[in-house]
Structures are given as C-alpha cells and as structure tokens.
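Heads up, the thing below is written out as structure tokens.
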Amino acid sequence: MNKGVTLKEVAEKAGVSRSAVSRSFTDGASVSAKTRERVHDAARKLGYRPNALASSLTTGRTKLIGLVSDNFHNPVFLEIFDLFTRSLQNRGLRPLLVNLSDETEPDNTLRMLQQYSVDGVIVASSTLPPSFAEAFRDAGIPVVHSFARANQSPDVCIVGIDNVQCGRMAAETLVQRGYNTVAFLGGPASATSTQDRLTGFLEVLLKHDHMKVTHSFATAYTFDAGRAAMLEQLRGTPAEAYFCGDDVLSIGALSAAQSGGLSVPDDIGLIGLNDMKMAGWQNINLTTIRQPIKDIIASSVDLITSLLNEKSRAVEARLFACQIIERGTLKPLSTK
C-alpha cells in the first residue's frame with residue numbers, strides 16, 4: 001500500500017470533490033451510492049486507506065471504547081479481554097484497555113479517558129464499586145458495567161450473574177455430597193462479588209443445623225492469594241470441603257492442599273466459580289460453577305453499541321444463569 005496517497009489524489013481520480021471523498025468514508029454521511037462506489041473504487045486502485053484519527057475530527061466520534069478493569073493478575077481476564085477486544089473490533093469499535101489495579105477512586109480514570117475522547121466505557125470488573133461506572137455516567141459518557149453486582153433497578157446498564165444465587169448453588173452442592181464441615185474461601189472481603197457469594201452460601205447452610213460452617217478471605221483473586229489462604233487453613237483443622245469464590249483461588253487452594261500431602265477430593269473437597277479454561281485441564285479437573293462469560297461479553301458489547309446510537313436509551317440489567325460443572329474435586333453425590 002502506498003502510504004503517501006492523499007484524499008486529494010483519490011478525489012481527482014474519482015472526479016469528485018475532497019468533501020465527497022470524506023463523506024464516502026463516513027458512516028451515515030449524505031452521499032449517493034454511485035459516488036460512494038466511484039470513490040471506493042478509486043481508493044482501491046490507489047491503495048488509499050482513510051485516516052481514522054482524521055475521520056474522528058469530522059464525525060466527532062473516535063469509536064474508542066474504554067475497557068476498564070482492575071484484576072489483571074487473574075488468568076480468566078486473559079479470556080475476557082480476548083473476547084471483549086475481538087467483539088468490539090468486529091463492531092468497528094476500538095478498545096482502549098485501562099489497568100486500574102490498586103485504584104480506589106474513579107476521578108483519575110475519568111480524566112484520562114476524557115483526554116482520549118472515548119465514545120463509551122465498559123467497566124469489566126466484579127470488584128470495582130458501582131461508583132466507577134456512575135462517574136462515567138455523570139460525565140455524560142455511555143457506560144456498561146460488566147460482571148457487576150446484581151441489581152434489578154441499576155443506575156447504569158449492568159450485565160452479569162446473581163452471585164448470591166451462585167453461593168446458594170455451591171452450598172446445595174456440598175450438602176448433596178454429605179459434607180458436614182464446610183467453608184467459604186472468598187476473594188477480597190471488600191469485593192461485592194465476595195460478599196454476595198458468602199451471603200448465598202450462608203443462607204442455605206445455616207438452615208442445616210448439623211453442618212458446621214466457617215469463612216475466610218484471600219487478599220486478591222489470584223493463585224498466590226488462594227494458596228496462601230489455604231495454607232493458613234491447613235495450619236489448623238481444615239473443613240471437609242471449600243467453596244472458593246473463584247477458579248484461580250481454587251487452583252491456588254488445590255496446590256496448597258497437595259503440598260500439605262492431602263488428596264483432593266478424598267481428604268478435602270473444592271468447588272470454584274467461573275469455569276475458566278484452566279479449570280478443565282486434566283491435572284486440575286476442577287468442579288466449578290460456570291459463569292457464561294461469552295454471553296455476558298456479547299451482551300455488554302450489544303448494550304454499549306446501543307447506548308452509542310441511542311443516547312436516551314433506558315438503563316437495564318441483564319443477568320445470566322450459571323450451572324454446576326461436574327469434574328473431580330468433590331466426592332460423588334451422596335446416595336443417602
């Protein structure tokens with residue numbers, strides 16, 4: 001491709017004005033089909049490609065979408081970012097990835113994304129508080145909060161799962177397998193996802209008087225944090241089975257149990273949440289609760305696209321059901 005080809009040269013070859021060339025490469029601009037075809041044909045022959053930045057000056061839209069997250073140490077986000085970036089690009093949008101690890105206030109992020117003139121923002125996090133997404137809304141930037149806390153009357157568009165229900169599912173699964181002492185090993189205590197998963201877990205188990213229930217928290221949703229939290233459990237008397245509030249925590253806990261000479265699931269049972277690809281690896285074989293990540297991402301991109309085209313679009317919540325994925329880190333169902 002000849003990078004030196006100019007808009008003027010395309011106009012001359014097509015026999016049209018430079019403004020007609022510009023409109024021919026601008027979505028929704030007023031130009032006849034015949035002119036557009038003539039311009040595109042001339043551009044192909046010359047090897048011309050429109051400049052995206054120059055186009056944004058004409059249209060007032062950059063097509064940049066801020067993709068904001070704070071959990072880059074969790075391998076599941078490699079899958080999430082892959083799906084998000086490809087899905088946005090397929091819609092003609094440009095993802096701008098923003099790392100908010102250790103960030104507690106939205107102001108700095110808002111200023112940065114305003115400097116880039118993003119058209120919209122997707123907050124992809126179950127640990128960032130609602131104030132992050134609300135800050136973008138208050139600044140007039142279309143926003144979707146993915147993996148957000150379940151709320152049937154949200155202040156911004158949210159997409160995710162009901163983490164309270166996931167906690168219930170995990171508890172019922174452990175009850176069905178005949179465990180008597182169980183525990184919740186969650187992520188950071190301040191994360192709404194951790195709080196909601198624990199709430200659902202306790203809601204079910206406190207109805208079973210014969211069962212002993214405890215809970216603890218890891219410092220982050222990471223392998224190292226899960227391993228450290230389980231090693232701490234093993235210094236005392238561990239529970240018979242653990243609901244780890246995330247797959248990567250579960251894999252860290254599995255590593256700690258094996259280092260302590262325990263067999264999973266014979267000596268200790270584990271159930272996670274997410275069903276990341278690694279959970280299905282033969283040497284891990286984690287029983288878990290599948291979060292429909294592909295559906296959540298597809299729906300999030302659909303919503304942000306709608307918000308860009310309809311500024312007055314009503315706020316809505318889209319929540320997806322989860323399911324138990326049976327593998328090998330819990331003992332078989334009780335036949336009692």
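Within segment 249-261, is there a residue that is more than 30 Å from Gly66 (Cα to Cα) and not in a helix (DSSP H, G or I)?
Pass one, segment 249-261, residues more than 30 Å from Gly66 (Cα to Cα): 250-261.
Then drop every residue that is not not in a helix (DSSP H, G or I), which leaves 260-261.
Looking through segment 249-261, at least one residue is more than 30 Å from Gly66 (Cα to Cα) and not in a helix (DSSP H, G or I).
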Checked segment 273-302 for anything at negative phi and in a loop (DSSP other than H, G, I, E, B); matches are Met276, Trp281, Gln282, Asn283, Ile284, Leu286, Thr287, Gln291, Pro292
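Do we have Gly167 as over 30 Å from Pro95 (Cα atoms) and surrounded by 22 or more Cβ atoms within 10 Å (Cβ to Cβ) here?
Numbers: over 30 Å from Pro95 (Cα atoms): yes; surrounded by 22 or more Cβ atoms within 10 Å (Cβ to Cβ): yes.
Yes: the conditions hold for Gly167.
Mind checking which helices (runs of 4 or more DSSP H) fall wholly inside segment 1-72 and carry at least 1 residues that are outside the structural domain of Asn99 (by TED's automatic domain parsing) and modelled with pLDDT of 70 or more?
Here the list reads 7-14, 18-24, 33-46.
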Residues to consider are Thr288, Thr305; find the one that is among the β-branched types (Val, Ile, Thr), surrounded by 15 or more Cβ atoms within 10 Å (Cβ to Cβ) and within 30 Å of Pro142 (Cβ to Cβ).
Thr305
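Please determine, by comparing only the residues of segment 79-117 that are of a type outside the set (Val, Ile, Thr) and closer than 21 Å to Thr219 by Cβ, which one is surrounded by the most Cβ atoms within 10 Å (Cβ to Cβ).
The first filter runs over segment 79-117 and keeps only residues of a type outside the set (Val, Ile, Thr), leaving 79, 81-84, 86-97, 99-103, 105-108, 110-117.
Keeping just the survivors that are closer than 21 Å to Thr219 by Cβ gives 99-103, 105.
Details: Asn99: 12, Leu100: 20, Ser101: 10, Asp102: 6, Glu103: 15, Glu105: 12.
By that ranking, first place goes to Leu100.
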Filtering helices (runs of 4 or more DSSP H) wholly in segment 103-210 for at least 1 residues that are touching a Cys at 6+ places or on another chain (Cβ under 8 Å) gives 163-176, 192-205
State whether one or more residues within segment 169-190 are in contact with a helix residue (DSSP H, G or I) (Cβ under 7 Å, 6 or more places away or on another chain), farther than 24 Å from Gly328 by Cβ and among the β-branched types (Val, Ile, Thr).
no
Is it the case that some residue within segment 240-247 is assigned to a helix (DSSP H, G or I) and within 23 Å of the chain's Cα centre (by Cα)?
yes
Does at least one position in segment 180-202 carry a residue that is outside the structural domain of Ile80 (by TED's automatic domain parsing) and among the charged types (D, E, K, R)?
yes
Scan segment 116-164 residue by residue and report those that are charged (D, E, K, R) and either within 18 Å of Leu307 (Cα to Cα) or out of contact with any Ser or Thr (no Cβ under 9 Å at 6 or more places or on another chain) (or both).
Asp119, Glu134, Arg137, Asp138, Asp155, Asp162
Out of the residues in segment 215-241 that are hydroxyl-bearing (Ser, Thr, Tyr) and within 19 Å of Thr192 (Cα to Cα), which is modelled with the highest pLDDT?
Ser216
Meets criteria (in contact (Cβ under 8 Å) with a residue 40 or more places away in the chain, within 27 Å of Ala150 (Cα to Cα) and basic (Lys, Arg)) for Lys277:
yes
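This table checks each residue for (1) more than 19 Å from the chain's Cα centre (by Cα); (2) acidic (Asp, Glu); (3) closer than 30 Å to Leu254 by Cβ.
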{"residue": "Gly269", "(1), (2), (3)": "yes, no, yes"}
{"residue": "Asn274", "(1), (2), (3)": "no, no, yes"}
{"residue": "Ile296", "(1), (2), (3)": "no, no, yes"}
{"residue": "Leu303", "(1), (2), (3)": "no, no, no"}
{"residue": "Glu310", "(1), (2), (3)": "yes, yes, no"}
{"residue": "Arg313", "(1), (2), (3)": "yes, no, no"}
{"residue": "Leu319", "(1), (2), (3)": "no, no, yes"}
Given the conditions (1) of a type in the set (Asp, Glu); (2) within 28 Å of Thr329 (Cβ to Cβ); (3) modelled with pLDDT under 95, which single one is not true for Asp107?
(2)
When Gly200 is run through (1) at pLDDT 95 or above; (2) of a type in the set (Gly, Ala, Ser); (3) in contact with a strand residue (DSSP E or B) (Cβ under 7 Å, 6 or more places away or on another chain), the failure sits at (3)
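The values are calculated or read from the model by the stated rules, or taken from the named source; none is laboratory data. These numbers were taken from a predicted model, which means no experiment stands behind them. Quick reminder, even Gly has a Cβ in these numbers, built from the backbone with ideal geometry, and neighbours come from all protein chains shown.
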